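J.: Below you'll find the structure I mean.
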Amino acid sequence: MKPKRMDSAGMAALHLGNAATCYAHLQHHAPASITDISQATKLTRPTIAAALKTLQSFQLVSEASKPSERFGRPARLYELNSDSPKVLAITEERDHRRLLLGRLNGDVISSISIKRTAEMNTVASLKLSIEDFLSKNDDSITEIRAVGIAISGTVDNQGTILRSTRCPYLEGSELSDELSEMFPLVAIENDANLAACSEGTWGSARDNSTVIYVSVGNRIVTGIYSNGTIVRGSFFNAGEIADFMDNTFFPAFLPSTVEQNPSETQAPILEGVAAMTAMICRVIDPDAVVLAGQLMESSPELLTALTQTLKRASNPNSHPTITTPVFAADAALAGAFIIALDKALQDIFCQRVTVAPISDIDSVRSTHASNR
């Protein structure tokens, strides 16, 4: 009995899969020739040639200006397109609204941080900020393939903000609905989850499969990122402990008030943070724990004390790497950039694709420079 021939839909899916394989290779090994890609992916040269044409039609890949220097006829080299489609990343924070414009190849074009005022607590204000930011970069809304937004609160898998103590004006489906009228693809996610995502994808925990992110300031916030996926739970609250305690119990640790050594007042706080983090570690058993926030940024001694306390409280059979963040206060913004890239690439290839490594981490961390 002859095997059935693949239908047109199956052929299209296979072709996109081959294009995704080539694209993933070029993200880490560009420039590369068809022969280079074939040797690495085991795809045939005609298959790769067809995939590259598709990638060029999507403006994702271009031919490198400098050909191969091998003996004989120079081979054509391919790399990620420096003029690839654009995405937008946004964070709505207590004191600032941040926007970042980037490309699908991981390049950051521009970023800005706007100091919050009471008048900004509306969806209409956010839309105006987006339009103003894009116009200053000589871009239009139609040029944006996807937008990623980081928000403090509970966000379901449809992008609806179920609850936000810091941005209650964004609760409900209005933000998702209105932005979907502006952009073809919109992704909204909890900021702590996105911080875990950014550190696990591009940051200090990028070589680990399961990452717990813990930030200590005037609240404790956590996020879990495991095997390329944000862990959100059945009710979308997994790992988020920001509202476990009253803020009056956990005072803000501003740099000006933190001592060089843990005081008697700070010691119970350290124990509390370590105990709650250790509970999550015992359940998740992570490879890495990223400790962030004002407390860790203020004093190396406090970080050492918290690390030692965490190790004592954790599972004795586990030895997670304990580290500090690469992105610091901009971890959620970097995470919003990642989910925008992921959303756009999934739309193109109809499957998850490796997110491009960011070309310049410092460009994400420069958002404090522009205020108005």
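J.: Condition first: modelled with pLDDT under 95, under 16 Å from residue 184 (Cβ atoms) and buried (at least 23 other Cβ atoms within 10 Å of the Cβ). Can you find one or more residues in the range 92-100 that meet it?
T.: Within the range 92-100, none of the residues are modelled with pLDDT under 95, under 16 Å from residue 184 (Cβ atoms) and buried (at least 23 other Cβ atoms within 10 Å of the Cβ).
J.: Looking at the range 329-353, which of the residues that are open to solvent by 40 Å² or more (accessible area, probe 1.4 Å) and more than 18 Å from residue 86 (Cβ to Cβ) is modelled with the lowest pLDDT?
T.: Within the range 329-353, the match that is modelled with the lowest pLDDT is 329.
J.: Starting from residues that are buried (at least 23 other Cβ atoms within 10 Å of the Cβ) and small (Gly, Ala, Ser), keep the ones in the range 206-223 and report whichever is modelled with the lowest pLDDT.
T.: 215
J.: Of the residues that sit in the range 308-325 and are farther than 11 Å from residue 273 by Cβ and assigned to a helix (DSSP H, G or I), which one is most open to solvent (accessible area, probe 1.4 Å)?
T.: Taking the candidates together, the pick is 312.
J.: When you scan the range 81-88, do you find a residue that is open to solvent by less than 10 Å² (accessible area, probe 1.4 Å) and touching a residue at least 60 places away in the same chain (Cβ under 8 Å), even just one?
T.: Within the range 81-88, one or more residues are open to solvent by less than 10 Å² (accessible area, probe 1.4 Å) and touching a residue at least 60 places away in the same chain (Cβ under 8 Å).
J.: Which condition number does residue 138 fail, the rest of (1) assigned to a loop (DSSP other than H, G, I, E, B); (2) in contact (Cβ under 8 Å) with a residue 12 or more places away in the chain being met?
T.: (2)
J.: Now for a separate question. Tell me which of these residue 204 doesn't satisfy, since it passes every other one: (1) within 30 Å of residue 314 (Cβ to Cβ); (2) out of contact with any helix residue (DSSP H, G or I) (no Cβ under 6 Å at 6 or more places or on another chain); (3) part of a strand (DSSP E or B).
T.: Of everything listed in (1) within 30 Å of residue 314 (Cβ to Cβ); (2) out of contact with any helix residue (DSSP H, G or I) (no Cβ under 6 Å at 6 or more places or on another chain); (3) part of a strand (DSSP E or B), residue 204 misses just condition (3).
J.: Report every pair of residues separated by at least 6 positions or lying on different chains whose Cβ atoms are under 6 Å apart, first residue within the range 341-357 and closer than 16 Å to residue 142 by Cα, second of a type in the set (D, E, K, R) and open to solvent by 20 Å² or more (accessible area, probe 1.4 Å).
T.: Listed by first residue and then by second, the contacts come to 344/145.
J.: In the range 326-360, which residues are part of a loop (DSSP other than H, G, I, E, B) and not polar (S, T, N, Q)?
T.: To start, the set of residues in the range 326-360 that are part of a loop (DSSP other than H, G, I, E, B) comprises 326-327, 350-360.
Within the range 326-360, 326, 327, 350, 352, 353, 355, 356, 357, 358, 360 qualify.
J.: Can you tell me how many residues within the range 141-152 are open to solvent by 60 Å² or more (accessible area, probe 1.4 Å), in contact with a helix residue (DSSP H, G or I) (Cβ under 9 Å, 6 or more places away or on another chain) and not in a strand (DSSP E or B)?
T.: 1
J.: Considering only residues that are assigned to a helix (DSSP H, G or I), in contact with a strand residue (DSSP E or B) (Cβ under 7 Å, 6 or more places away or on another chain) and either under 10 Å from residue 324 (Cβ atoms) or at pLDDT 75 or above (or both), which ones fall in the range 277-305?
T.: Hits for the range 277-305 are 277, 280, 281, 284, 296, 303.
J.: Another question, if that's okay. Would you pick out the residues in the range 105-135 that are polar (S, T, N, Q) and in contact (Cβ under 8 Å) with a residue 12 or more places away in the chain?
T.: Of everything in the range 105-135, those that are polar (S, T, N, Q) and in contact (Cβ under 8 Å) with a residue 12 or more places away in the chain turn out to be 105, 110, 111, 113, 121, 122, 129.
J.: Check the range 168-179 and report whether any residue there is free of Cβ contacts under 8 Å to residues at least 12 places away in the same chain, within 26 Å of residue 348 (Cα to Cα) and assigned to a helix (DSSP H, G or I).
T.: Within the range 168-179, one or more residues are free of Cβ contacts under 8 Å to residues at least 12 places away in the same chain, within 26 Å of residue 348 (Cα to Cα) and assigned to a helix (DSSP H, G or I).
J.: Any residue at all in the range 102-125 that's in a strand (DSSP E or B) and among the basic types (Lys, Arg)? So that I can check it myself, show each step before the final result.
T.: The initial filter retains those residues of the range 102-125 that are in a strand (DSSP E or B), namely 102-103, 108-115.
Adding the requirement that they be among the basic types (Lys, Arg) leaves 103, 115.
Checking the range 102-125: at least one residue is in a strand (DSSP E or B) and among the basic types (Lys, Arg).
J.: Suppose the filter is open to solvent by less than 10 Å² (accessible area, probe 1.4 Å), closer than 25 Å to residue 236 by Cβ, of a type outside the set (Ser, Thr, Tyr) and at pLDDT 95 or above; does residue 155 pass it? Can you show your working first?
T.: Working: open to solvent by less than 10 Å² (accessible area, probe 1.4 Å): yes; closer than 25 Å to residue 236 by Cβ: yes; of a type outside the set (Ser, Thr, Tyr): yes; at pLDDT 95 or above: no.
Considered against the rule, which asks whether it is open to solvent by less than 10 Å² (accessible area, probe 1.4 Å), closer than 25 Å to residue 236 by Cβ, of a type outside the set (Ser, Thr, Tyr) and at pLDDT 95 or above, residue 155 comes out as no.
J.: Give me the residue from the range 101-131 that is under 14 Å from the mean Cα position of the chain (by Cα) and among the hydrophobic types (A, V, I, L, M, F, W, C) and, out of that set, modelled with the highest pLDDT.
T.: 101
The values are calculated or read from the model by the stated rules, or taken from the named source; none is laboratory data. Everything numeric in this text was worked out from a predicted model, so none of it was measured. Positions of Cβ are generated from backbone atoms using ideal geometry, with glycine treated the same way; all protein chains shown enter the neighbour counts. Note: accessible area is taken over every heavy atom of the protein model, side chains too, but ligands, DNA and RNA are not part of it. Shrake-Rupley method; radii C 1.70, N 1.55, O 1.52, S 1.80 Å.
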